[in-house]
Amino acid sequence: MADAPRTTDDAPEPAVAQGATPTGAHASAAPLPANVRALAAVSFLTDVASEMIYPLLPGFLTRTLGAGTAALGAIEGAAETVSAFLKLASGRMSDRMSRRKPLVAAGYAVAALARPLVAAAGSAAHVLAVRLTDRVGKGIRTSPRDALIADSVPESQRGRAYGFHRAADHAGAVVGPLVAFALMTAFEMEMRTVFWLAAVPGLAAVAVLLLLVRDVPRAPNPPRAAAEVVRTAAPFGRPFTRYLGVLFVFTLANCADAFLLLRAAELGVPAAQIPLLWAAHHVVKSLSSTPAGALSDRIGRRPVLFAGWTWFAATYAGFAFATETWHAWAVFLGYGVFFGLTEGVEKALVADLVPAPRRGAAFGWFHAVIALGAFPASLLFGLAWSAWGSAAAFLAAGTLALAAALGLSLVLPARGGARGG
């Protein structure tokens, strides 16, 4: 089957935003555009707010409100499902608009206002309503924001830009729990008070976005073309649809991190040290994201992504064969490198493989495919763990990840992008 023909909406790439650097041999070493740095700051502050709440939420729901673990699973599953579908819709919508910032700002504002309201929850149903609203905000903002990053940066800096953004996000995931811990220990605050205070970094993120992030004016897609994009991924061409295919296979191997924390506990990591393990894991993710993204700008997306997916398989083998408590720490920290090698590079590859007028919808499909694979991945992993034990579950998932990595090397160009970059 031949690649889908390019239509008239496959316009040349627009000029990048204010503060962007010129393309060329020296662009990859130049400072990142102001828009990218501002969006990274927004994500950092948002994650500080989110992670002040999220690690405490299971205990708040089960102990304070008296709900069961089934309620926790239902709440998180429903929230992520809603978010996934909205990412697809909002990406398409941003392609139909001449500016992406309004959707990005609306998404961050909805989440910043809704998230702290969990402090007022009196039942699991209230928590569900808050989580759904929070994830609605995330669903609205994510695809347009990812497309705006691509609009704002020259192609030679694309990998580093997404890596830098993910690094800032992970840094917020380190700071947030530490802030919550300090408030609850040094100031003896209750969880509900910490939840209310999470509004401060959340609203600060919205202020940074409104004041510092600049839109990149662009010609919107005709409504008919945008409608065609959301019905099927085919108009993006074969490289992108094949990429989504192998990405889905890899996602089926990638279980929820809760299973990794359970394995750490199984290996003897005390409950009191689990938050420290989680924070250290995010430090590694943050430190490795920008260098890996920059490396993909130099040598191509495919080799870096192949290395990341292969490293994932190796760390899952480590979880399978670990026998000592220190093994859990070593493998968990190594697992953070996988995120650095993949998260920003996967997004940069989306921007490489599709024309600029379709980026919003393409990121919507990217996030939707990951969401569609995430639920069966954790379900199958849990069933395998119950039937054959944790080692067999980790080895099976690692094998599937290796198969996806091999598939990636077959379906993508050598340098991993439609334009050879």
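Need pairs with beta-carbon distance below 6 Å; first residue in the same structural domain as T142 (by TED's automatic domain parsing) and at negative phi and within the range 42-53, second part of a helix (DSSP H, G or I) and among the aromatic types (F, W, Y); sequence gap 6+ or separate chains.
I53/F195
Condition check: over 17 Å from L400 (Cα atoms), surrounded by 19 or more Cβ atoms within 10 Å (Cβ to Cβ) and among the hydrophobic types (A, V, I, L, M, F, W, C). Does A264 satisfy that?
When the stated conditions are applied, A264 passes them.
Conditions (1) in a helix (DSSP H, G or I); (2) within 18 Å of L406 (Cα to Cα); (3) among the charged types (D, E, K, R); (4) modelled with pLDDT under 85, marked per residue:
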{"position": "L244", "(1), (2), (3), (4)": "yes, yes, no, no"}
{"position": "F248", "(1), (2), (3), (4)": "yes, yes, no, no"}
{"position": "F259", "(1), (2), (3), (4)": "yes, no, no, yes"}
{"position": "V283", "(1), (2), (3), (4)": "yes, no, no, no"}
{"position": "S286", "(1), (2), (3), (4)": "yes, no, no, no"}
{"position": "A292", "(1), (2), (3), (4)": "yes, no, no, no"}
{"position": "R302", "(1), (2), (3), (4)": "yes, yes, yes, no"}
{"position": "T315", "(1), (2), (3), (4)": "yes, yes, no, no"}
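In the set R192, R224, R214, which member is part of a loop (DSSP other than H, G, I, E, B) and either at pLDDT below 95 or farther than 24 Å from A368 by Cα (or both)?
On inspection, the qualifying residue turns out to be R214.
Which numbered condition in (1) within 22 Å of G172 (Cα to Cα); (2) at pLDDT below 85; (3) hydroxyl-bearing (S, T, Y) is the only one that T232 fails?
For T232, the failing item is (1).
Does at least one position in the range 90-111 carry a residue that is buried (at least 22 other Cβ atoms within 10 Å of the Cβ) and β-branched (V, I, T)?
Checked against the condition, which is being buried (at least 22 other Cβ atoms within 10 Å of the Cβ) and β-branched (V, I, T), the range 90-111 yields at least one hit.
Using beta carbons and a limit of 6 Å, which pairs, at least six apart or on different chains, have the first residue in the range 171-182 and in the same structural domain as A280 (by TED's automatic domain parsing) and the second one surrounded by fewer than 21 Cβ atoms within 10 Å (Cβ to Cβ)?
Going by the 6 Å Cβ cut-off, there are no qualifying pairs.
The values are calculated or read from the model by the stated rules, or taken from the named source; none is laboratory data. Source: prediction; values computed, not measured. When we count neighbours, we look across all protein chains shown, and the Cβ atoms used for this are built from the backbone with ideal geometry, even at glycine.
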